[in-house]
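Note sheet for the following structure.
Bear in mind that the values in this text are calculations on the coordinates, not laboratory data. This is a predicted model, so every value here is computed, not measured. Note: ideal-geometry Cβ built from the backbone for every residue, glycine included; neighbour counts use all protein chains shown.
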Amino acid sequence: MRKTSAWPLSQLCVALIVYASLYPFDQWRDQGIAPWVFLTAPWPKYWTGFDVVANVLGYAPLGFLLTLSAMRMGWRGQAVLGCTLAASLLSFALECLQSYLPARVPSQTDFLLNTLGAWLGAVLASGLEQLGLLNRWSQFRARWFVRDAHMALVLIAVWPAALLFPVAVPFGLGQVWERVEDALTSAFDATPFEDWIPLRSFELEPLLPGAELLCVMLGLLIPCLLGFGVIRQFGQRLLYVLGVVVVGLGVSALSATLSYGPAHAWTWLGVPVMLGLGLGLLLALFFLPTSARTCWTFLMLALLVQQSVLNQSPESAYFTQTLQTWEQGQFIRFHGLVQWLGWLWPYAVLLFALARLSRERESQT
């Protein structure tokens with residue numbers, strides 16, 4: 001048995017699937033029928049290709065990661081069957097819970113497609129293992145990364161998915177304080193705790209071009225420093241930086257395409273953004289030869305500065321309207337899977353960097 005990044009990633013998949021399946025979590029009611037009655041209901045008359053693909057692809061990563069985790073932990077015999085059954089039981093439980101939500105409709109079609117997706121993911125993981133490709137990945141990981149890099153690899157793997165959620169500032173993940181403030185105000189309005197809510201002494205102002213440049217620069221530097229903390233050699237770090245730039249640009253363009261249409265895939269590349277990306281790349285190259293401890297320290301500093309600047313600006317009205325397309329339109333499932341990643345990823349990285357610095361300090365004493 002060995003540590004594997006697949007296990008925490010599989011648990012993240014479970015959390016995201018639960019959120020996407022039960023969103024928006026309100027107006028729960030009992031219809032007076034058994035929650036599993038959807039299994040014998042007539043087949044739906046209307047369905048779309050988007051629904052089919054979303055249900056299959058939504059559970060394929062879970063099946064893949066659960067099976068990979070099982071094989072990494074030495075449970076090879078019935079890994080495909082057991083992990084497919086576990087994912088299927090999760091889908092069944094969530095479909096049953098959907099019967100209590102007026103905004104969601106349980107469906108045996110969704111349940112079967114979820115099970116199919118989990119099985120396909122499990123078969124893929126088993127096939128890669130039999131071909132020896134997963135062993136090659138283990139060898140690659142041992143050459144590139146330090147021994148206890150699995151949590152950092154999880155955060156690195158999640159970063160592209162977090163970028164997919166529309167952001168007001170490119171690479172500006174974690175802009176949530178205005179939403180948190182509005183949610184707390186609404187939750188405690190007309191209650192004894194109303195006076196407990198801290199009030200801002202200033203109005204949120206739109207970011208100036210220089211502040212936007214700073215946020216973009218740090219948004220590119222942060223995943224680079226995260227990787228530098230666990231990557232072994234200078235040349236490997238350089239290749240990683242190039243990969244971060246390519247993936248960041250590609251996913252940001254895809255997010256713009258999904259939000260505004262293919263014609264606007266690159267309209268977010270204004271002058272402040274391009275300058276920020278260029279300066280972020282130069283800073284990443286500057287940190288290439290530095291120690292892991294230095295990278296963790298500056299990673300925390302970059303996160304604190306970026307979040308401080310980002311969360312002192314409001315979301316524009318046009319951007320808020322764009323989010324409505326994600327939250328209420330055909331992206332409702334997709335939105336549920338990625339919005340929390342975009343909101344919480346920087347804070348998860350901040351806690352992880354703090355933990356790594358604390359552990360290294362303890363090991364030196």
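Using Cβ point charges alone (K and R +1, D and E -1), the dipole size of segment 6-144 about the Cα centre works out to roughly 540 debye. Compute the distance from the alpha-carbon center of segment 130-182 to that of segment 108-128, in whole Å. Rounded to whole Å, the Cα centres lie 23 Å apart.
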